[in-house]
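**Q** Have a look at the structure that comes next, please.
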């Protein structure tokens, strides 16, 4: 008889449907709760930090805000920033801003910084993954046609790599391409194993396969 592995409850501290979908791909049970932080205020308060440090701090604060109420669970926090020439590209929020961002990215290389903070009991692990993405030269028509399909207003850089956004890209360079989607799964696997002594596929038995519990 298959026994359920002895592992902690997993909680994703995120409202991102993209991160949630990534973790669902592992087909292991987890819960998802919105972080109890005001991200806009935090960014203002920590505006003195460089982008890498800010990205790491946001992931940490997200996870810790949930860990307070779930001290025996393994909590996953993550954040992502797009950088062009050292400047942060915020989520556009509108079609006009998305078009401007893609125009800036056309024919250039930019970086995606994706942070991960995983805590379990009194231990934690932090990662920062960087992926360099080079865009093809895009015409105004290319950009308009793409945005008519992928309305990427809520994505840093204004494109969805997992959808037709990949057609805008010439090359990708980095350790963990999954981080482009918002959650670095290779780093997460490593963190879970270090913190629990269990690989993700041994946390639960096959009979527990599924996705988010809430």
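The values are calculated or read from the model by the stated rules, or taken from the named source; none is laboratory data. Because the structure is a prediction, the values reported are computed rather than measured. In this analysis, Cβ positions are derived from the backbone assuming ideal geometry, glycine residues included, and neighbour counts consider all displayed protein chains.
**Q** So in segment 161-175, with the set limited to residues that are without any contact (Cβ under 8 Å) to a residue 60 or more places away in the chain and buried (at least 20 other Cβ atoms within 10 Å of the Cβ), which one is nearest to residue 96 (Cα to Cα)?
**A** 165
**Q** Next question, about the same structure. Within segment 61-90, work out how many residues are surrounded by 18 or more Cβ atoms within 10 Å (Cβ to Cβ) and either in contact with a helix residue (DSSP H, G or I) (Cβ under 8 Å, 6 or more places away or on another chain) or assigned to a helix (DSSP H, G or I) (or both).
**A** Summing the residues that are surrounded by 18 or more Cβ atoms within 10 Å (Cβ to Cβ) and either in contact with a helix residue (DSSP H, G or I) (Cβ under 8 Å, 6 or more places away or on another chain) or assigned to a helix (DSSP H, G or I) (or both) in segment 61-90 gives 17.
**Q** Among what's in segment 141-160 and is free of Cβ contacts under 8 Å to residues at least 40 places away in the same chain and farther than 22 Å from residue 183 by Cβ, pick the residue that is nearest to the chain's Cα centre (by Cα).
**A** For segment 141-160, the residue satisfying everything is 149.
**Q** From 65, 73, grab the single residue that is touching a strand residue (DSSP E or B) at 6+ places or on another chain (Cβ under 6 Å) and either farther than 30 Å from residue 138 by Cα or touching a residue at least 60 places away in the same chain (Cβ under 8 Å) (or both).
**A** Going through 65, 73 in turn, the sole match is 73.
**Q** Still on this model: Could you check, for segment 116-137, whether at least one of its residues is at pLDDT 95 or above, more than 22 Å from the chain's Cα centre (by Cα), farther than 23 Å from residue 23 by Cα and in a loop (DSSP other than H, G, I, E, B)?
**A** Within segment 116-137 (the criterion being at pLDDT 95 or above, more than 22 Å from the chain's Cα centre (by Cα), farther than 23 Å from residue 23 by Cα and in a loop (DSSP other than H, G, I, E, B)), the answer is yes, since at least one residue qualifies.
**Q** Can you find, within segment 91-104, the residue that is surrounded by the most Cβ atoms within 10 Å (Cβ to Cβ) among those that are without any contact (Cβ under 8 Å) to a residue 60 or more places away in the chain and either touching a helix residue (DSSP H, G or I) at 6+ places or on another chain (Cβ under 9 Å) or closer than 27 Å to residue 66 by Cα (or both)?
**A** Result: 99.
**Q** Take residue 51 and tell me if it is out of contact with any helix residue (DSSP H, G or I) (no Cβ under 9 Å at 6 or more places or on another chain) and at pLDDT 95 or above.
**A** Against the criterion (out of contact with any helix residue (DSSP H, G or I) (no Cβ under 9 Å at 6 or more places or on another chain) and at pLDDT 95 or above), residue 51 qualifies.
**Q** Scanning for something within 25 Å of residue 63 (Cβ to Cβ), surrounded by fewer than 18 Cβ atoms within 10 Å (Cβ to Cβ) and at pLDDT 95 or above, does segment 138-153 turn up at least one residue?
**A** no
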